[in-house]
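Structure, as structure tokens:
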Amino acid sequence: MRASTIHSEQGRFRITELDVSPPEISDTQLLVRVRATSLNRGELAGKVPEGQSKRFGNEAAGEVIAVGKNVREFQVGDRVMGRCEGGCAEQVAMDEHEAMHAPAHLDWTQAAAIPLVFTVAYDMLFWHRSVGSGDTVLITGVPSGVGIASMQLAKAMGARVIGTSTRQEKLDALLSHGLDVPLLAAGPGFAQKVQESTGGKGVQLAINIVGGSLFEDCLASLAIGGRLAIVGHVDGTKSSQIDLASLHAKRLSVFGVSNKYRTPAERAELVRDMKKDALPFFREGGIVPLIHRVFNASDAQAAIELMQSNAHTGKIILTL
């Protein structure tokens with residue numbers, strides 16, 4: 001079968017398509033005939049060691065063609081989507097606890113855009129005290145994959161969304177997809193505008209996708225009892241000053257969002273709760289993932305180059 005690897009060398013990535021044996025599944029896995037996979041910037045950010053290669057793709061959508069003997073929730077023929085290793089392949093082994101039934105009205109490209117970024121968004125918007133109707137959410141780097149997913153999920157939950165970006169055209173493109181307040185911000189200094197747009201109250205949740213350079217502004221943007229989620233540091237800045245007086249007086253909370261140290265049981269619990277709480281928004285037509293462009297898997301190199309150019313707004317999808 002066809003499968004792709006990604007190789008890192010001097011900051012550049014090379015995709016190679018290989019002919020490999022189909023994967024063998026364990027008693028708790030599904031064998032999935034992959035129809036589409038999605039690109040994620042996190043796969044490029046330090047996940048491929050310099051000079052080394054790994055199987056390409058962190059998620060997939062497709063049809064179940066075999067199940068392990070202990071699998072209970074899925075059967076052959078089911079349309080599924082989920083996180084997995086080596087998703088850019090004709091077939092992939094997917095753990096049952098990572099798999100979700102793909103909403104029937106979504107095509108393969110849309111289903112492939114859900115598992116990773118919307119699970120991260122769900123983690124921030126539901127698991128750490130659910131965002132409520134009438135709340136305001138600030139998202140730095142809102143045109144990113146996690147940013148758009150967080151925007152769409154927050155809107156489905158009844159929240160108002162403020163988003164920052166360094167590109168005005170990207171903010172403009174998101175106005176028709178739910179962005180309420182676009183803030184053009186080339187760096188720190190936007191907290192005052194956030195406070196002005198909320199009548200001086202601040203936001204109930206700030207999602208910092210950019211990193212340490214925006215930490216202080218995110219903290220200063222919070223309402224009393226507000227929460228700050230740290231989900232990335234693409235700016236390379238991994239430290240910042242903390243206004244302890246504000247943190248104390250306003251009873252603020254700061255938390256990180258990552259699967260790095262989660263146990264399999266914890267990951268399973270997260271996906272199980274997401275299926276219960278968030279998937280209904282997709283089934284009822286409230287959320288349709290935003291797709292920027294679809295490539296054939298044989299053109300994965302061009303897809304990677306598009307992602308690295310930062311010219312996209314929405315998910316980049318590969319079909320197989």
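Just so it is clear, none of the values below were taken in a lab; they were calculated from the coordinates. Owing to the predicted nature of the structure, the values given are computational and were not obtained by experimental measurement. When we count neighbours, we look across all protein chains shown, and the Cβ atoms used for this are built from the backbone with ideal geometry, even at glycine.
Some observations on this one:
- Residue-span extension gain [residue 308 to residue 65] - 0.36 nm each, minus C-alpha spacing: 84.1 nm
- When GluC sites (Glu not before Pro) are flagged only if DSSP places them in a loop and at most 15 other Cβ atoms lie within 10 Å, the longest unflagged stretch of the chain comes out as 74-283.
- Relative exposure of 55, 293, judged by other C-beta atoms within 10 Å (fewest first): 293, 55
- Extension gain from residue 276 to residue 239, taking 0.36 nm per residue of separation minus the Cα-Cα distance: 9.7 nm
- For q = 0.19 Å⁻¹, Debye-computed log10 I/I(0) when each Cα of the stretch 118-256 counts as one equal scatterer: -1.06
- Put simply, the amide H of residue 56, placed in the peptide plane, has neighbours under 5 Å in 4, 5, 6, 88, leaving out anything fewer than 5 places away on its chain.
- Scalar couplings 3J(HN,Hα) for the stretch 14-24, obtained by applying the Karplus form with A = 6.51, B = -1.76, C = 1.60 to θ = phi - 60°, are 10, 9, 10, 9, 10, 9, 10, 6, x, x, 9 Hz; x denotes Gly and Pro.
- Legend: translational diffusion of the stretch 70-171 by Stokes-Einstein, Rh = Kirkwood radius over C-alpha pairs, 10 °C, 1.306 mPa s; D = 103 µm²/s.
- Going from the residue with the fewest nearby Cβ atoms within 10 Å to the one with the most, 177, 292 rank 177, 292.
- Reported to the nearest whole Å, the Cα centre-to-centre distance from the stretch 15-31 to the stretch 89-106 is 14.
- Taking the Cα centre of the stretch 118-256 as reference, the dipole from Cβ charges on Lys and Arg (+1) and Asp and Glu (-1) amounts to some 260 debye.
- The share of alpha-carbon pairs in the stretch 165-320 lying farther apart than 29 Å comes to 33%.
- Of interest is the spacing of the C-alpha centroids, which for the stretch 172-227 and the stretch 245-320 amounts to 20 Å.
- Over 25 Å apart at the Cα level, from the set 250/275; 193/250; 69/275; 54/155; 238/275; 155/238, are 250/275; 54/155; 238/275; 155/238.
- For the chain, the equivalent ellipsoid derived from the alpha-carbon gyration tensor has semi-axes of 34, 22, 18 Å in decreasing order.
- Centre separation in Å (Cα based) which lies between the stretch 138-152 and the stretch 114-132: 12
- Converting phi to 3J(HN,Hα) with the Karplus coefficients 6.51, -1.76 and 1.60 and the offset θ = phi - 60°, the stretch 289-297 yields x, 8, 9, 7, 7, 10, 10, 6, 4 Hz in sequence order, with x at every glycine or proline.
- Given charges at Cβ of Lys, Arg, Asp, Glu: the chain dipole, positive-most of 37, 298, 220: 220
- The calculated 222 nm mean residue ellipticity attributable to helices in the chain amounts to -6500 deg cm²/dmol, summing -39500 (n - 2.57) over DSSP H runs of n ≥ 4 and dividing by all residues.
- Residues 270, 138, 318, ranked from the fewest to the most other C-beta atoms within 10 Å, line up as 270, 318, 138.
- Rough spin-label spacing in nm, given labels placed 7 Å along Cα→Cβ, for residue 75 and residue 172: 5.2
- Here the 3J(HN,Hα) profile of the stretch 256-265, calculated from phi with Karplus coefficients 6.51, -1.76 and 1.60 at θ = phi - 60°, is x, 10, 6, 9, 3, 10, 6, 6, x, 5 Hz, Gly and Pro shown as x.
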